[in-house]
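The values are calculated or read from the model by the stated rules, or taken from the named source; none is laboratory data. Just so it is clear, the model here is predicted, and its values are computed rather than measured. Here Cβ is always computed from backbone atoms with ideal geometry, including for glycine, and neighbour counts include all displayed protein chains. These area figures cover heavy atoms from the full protein model, side chains too; ligands, DNA and RNA do not enter into them. Shrake-Rupley method; radii C 1.70, N 1.55, O 1.52, S 1.80 Å.
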Amino acid sequence: MGDIYQAYLSLLRSLGESLEQLSALARKKAAAANADDLMALDEIMKQEQAMTLAFRGMEQTREKLLSELNCGNVPLVRLPEHFPPALQNEAKAAVATLQSQYRDYRKEADGARTVLEQHMREIDGIISDLGGAPAPEEGPGYVPPPPPDTPPSMKTDFRA
């Protein structure tokens with residue numbers, strides 16, 4: 001039974017490490033946006049997408065472990081109370097560390113989002129100054145032009 005508790009603590013540590021990686025990616029994203037390095041920004045976003053898939057796997061593992069611990073509806077902050085007394089301090093520390101890492105990630109992610117939004121507003125302003133309209137508020141930002149009319153002599157009749 002102690003193995004389940006240790007597995008859950010290990011999962012919390014893994015989540016924390018992943019949050020630290022996401023925080024680093026958010027800092028890199030803001031730096032790439034400020035440097036107008038679209039290739040680096042694209043690569044960072046691909047790494048974030050890959051980490052999202054890893055988080056899905058961790059979430060499935062978390063749900064499985066919580067059901068085995070009979071703690072499915074217990075909030076994270078209250079979870080150490082359901083651990084054996086010998087592991088409660090370790091669980092409290094793991095939860096506190098994870099919460100801190102999440103706050104750090106949110107701070108970095110919000111900063112990166114602010115930088116990206118600022119650059120998008122600048123791009124919209126430049127497009128407006130050049131006579132183009134900014135992207136519509138809803139729907140895709142790019143609508144491809146309609147295909148040119150093809151002369152009848154270039155059309156193929158497939159009925160034959």
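When residues in region 79-94 are screened for being farther than 17 Å from Arg13 by Cβ and either within 26 Å of the chain's Cα centre (by Cα) or of a type in the set (Asp, Glu) (or both), 1 of them pass. Could you please let me know if Met39 is more than 18 Å from Arg13 (Cα to Cα) and either modelled with pLDDT under 95 or open to solvent by less than 50 Å² (accessible area, probe 1.4 Å) (or both)? The answer is yes for Met39. With respect to (1) of a type outside the set (Lys, Arg); (2) open to solvent by 60 Å² or more (accessible area, probe 1.4 Å); (3) in a helix (DSSP H, G or I), the lone exception for Leu116 is condition (2). Answer yes or no: is there a residue in region 1-10 that is within 26 Å of Ala86 (Cα to Cα) and outside any helix (DSSP H, G or I). Scanning region 1-10 turns up at least one residue that is within 26 Å of Ala86 (Cα to Cα) and outside any helix (DSSP H, G or I).
Looking across Ala96, Ala86, Ala26, Ala31, one residue alone is over 30 Å from Asp3 (Cα atoms), without any contact (Cβ under 8 Å) to a residue 12 or more places away in the chain, part of a helix (DSSP H, G or I) and small (Gly, Ala, Ser). It is Ala31. A search for C-beta distances below 9 Å between a residue of region 69-83 that is open to solvent by 70 Å² or more (accessible area, probe 1.4 Å) and any residue that is outside any helix (DSSP H, G or I), counting only pairs 6+ apart in sequence or on different chains, returns Arg78/Cys71; Glu81/Val74; His82/Leu69; His82/Asn70; His82/Cys71; His82/Val74.
Which condition number in (1) surrounded by fewer than 11 Cβ atoms within 10 Å (Cβ to Cβ); (2) over 14 Å from Leu9 (Cα atoms) is the one that Arg106 fails? Of (1) surrounded by fewer than 11 Cβ atoms within 10 Å (Cβ to Cβ); (2) over 14 Å from Leu9 (Cα atoms), only one is false for Arg106: (1). As a summary of the residue check, Asn70 satisfies the conditions (1) on the phi < 0 side of the Ramachandran plot; (2) not in a helix (DSSP H, G or I) except for the one numbered (1).
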